[in-house]
1. Using R₀ = 35 Å, calculate the FRET efficiency as 1/(1 + (r/R₀)^6) where r is the Cβ-Cβ separation of residue 51 and residue 88; round to 0.05.
2. Determine the shape class of the stretch 6-90: with a ≥ b ≥ c the square roots of the Cα gyration tensor eigenvalues, call it rounded for a/c under 1.5, and otherwise prolate if a/b is greater than b/c, oblate otherwise.
3. Arranged by the count of other C-beta atoms within 10 angstrom, fewest first, what order do 46, 86 take?
4. Which FRET efficiency value, to the nearest 0.05, do you get for residue 30 and residue 67 by plugging their Cβ-Cβ distance into 1/(1 + (r/R0)^6) with R0 = 30 Å?
């Protein structure tokens with residue numbers, strides 16, 4: 001049983017991965033339209049991958065590696081201070 005259900009990759013990417021990656025990129029100095037561009041590219045990549053998985057276009061042997069990468073990115077974002085995003089939404093600074 002995989003640790004992450006690959007069938008929800010698109011939703012997970014939209015709700016967790018893409019905002020977290022863009023916020024982390026901002027901490028490295030990315031600004032303005034580059035942030036929008038990054039979110040567009042990430043959205044296209046993750047949602048295309050999600051559709052490929054849903055339609056069975058991705059080889060079975062690649063599924064565990066996709067799982068490792070997606071969960072790893074999510075864990076790295078959490079470990080690098082993902083709480084900053086939540087501070088913005090709760091009005092506690094940010």
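Quick note: the coordinates plus some simple rules give every number you see, no bench work behind them. Since we're looking at a predicted model, the values are computed, not measured. Please note: Cβ atoms are built from the backbone with ideal geometry, for glycine as well, and neighbour counts cover all protein chains shown.
1. 0.70
2. prolate
3. Least crowded to most crowded, the residues run 86, 46.
4. 0.65
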